[in-house]
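Below is one structure, written out as structure tokens; comments come after it.
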Amino acid sequence: MSAHEIDYRIIGEEMQCVEIQLDQRESVVAEAGSFMMMDQDIRMETIFGDGSNQGSGLMGKLMGAGKRLITGEGLFMTVFTNEGYQRQSVTFASPYPGKIIPMDLSMLGGKIICQKDSFLCAAKGVSLGIEFQRRLGTGFFGGEGFIMQKLEGDGLAFVHSGGLVLERTLAPGEMLRLDTGCLVAMTASVDYNIEMVKGVKTALFGGEGLFFATLRGPGKVWVQSLPFSRLADRVLSSARYGRGSKDEGSVLGGLGNLFER
């Protein structure tokens, strides 16, 4: 099934949204909770799975929904279809500060592999599935576990990253080391593995964890500067040790809270 040909524009800088323009009977599939607004002739429908041509019967729909459940996503997705005669728009918002990355799968070998919570929306016809990590080390220590998400097809898909996103094109055999949480997506030709940090002192006291993700080309890689797990850790740490604004800028900082009852 060929994906619908959609047009788009990305709005904003730190907190971005993507506006999808749909011609008559064109559709876009999105994660539940990403919807922001839509024009009057857009019809919204909740479906099992991703709406791609993976089986017309109940079993095909259940298999598609089951794949999403394994990746930690919900059983349902939402399809937005233009039921009018004029071009209509529907807009989706990013869940936290970062960048929305448009990916034309027809220009990327028809498949990309991404972290489980990065998918935002895609043209109807793009298939969402699961990608198992074959290496035990990658599965246990890769930050994303044994299961990542794969997007397949020939249409546009939109992936969200935290903070700034950098795109790197790796030559055959070229290797890139990065923090395991900073990987957003990669093309299927990239070899993904895990490497232990060398040196006991660096591993124990360096503050960067025990493992690197190693990506070897050829292929494209998208890297984020602020993984959501890192952002959440900073927020929780601030809430735990620096309640209220009275400690901000003081010498003691959060230590003053130790003497409060």
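The values are calculated or read from the model by the stated rules, or taken from the named source; none is laboratory data. Computed from a predicted structure; not experimentally measured. Cβ coordinates were reconstructed from backbone atoms using ideal geometry, including for glycine residues, and neighbour counts include every protein chain displayed. With ligands, DNA and RNA removed, areas are computed over all heavy atoms of the protein, side chains included. Shrake-Rupley method; radii C 1.70, N 1.55, O 1.52, S 1.80 Å.
Could I have the simple spin-label model distance between M196 and L178, label points 7 Å from Cα toward Cβ, reported in nm to one decimal?
2.5
If you count only protein heavy atoms and use a 1.4 Å probe, how large is the accessible surface of E13, to the nearest 10 Å²?
For E13, the solvent-accessible surface is approximately 120 Å².
Net charge around Q86, counting only other residues with Cβ within less than 15 Å of its Cβ (Lys, Arg = +1; Asp, Glu = -1)?
Working: positive: R25, R43, R87; negative: D7, D23, E26, D39, D41, E83.
For residues surrounding Q86, the net value is -3.
Please find the FRET efficiency linking E167 to Q86, where r is the Cβ-Cβ separation and R0 is fixed at 51 Å, and quote it to the nearest 0.05.
0.90
Can you pull the one-decimal nm distance between simple spin-label points at E14 and K111, each 7 Å off the Cα toward Cβ?
My value for the distance between the label points is 3.9 nm.
Could the peptides 111-122, 162-173 be put in order, highest first, of the mean number of other beta-carbon atoms found within 10 Å of their residues?
Ranked by mean Cβ neighbours within 10 Å, highest first: 111-122, 162-173.
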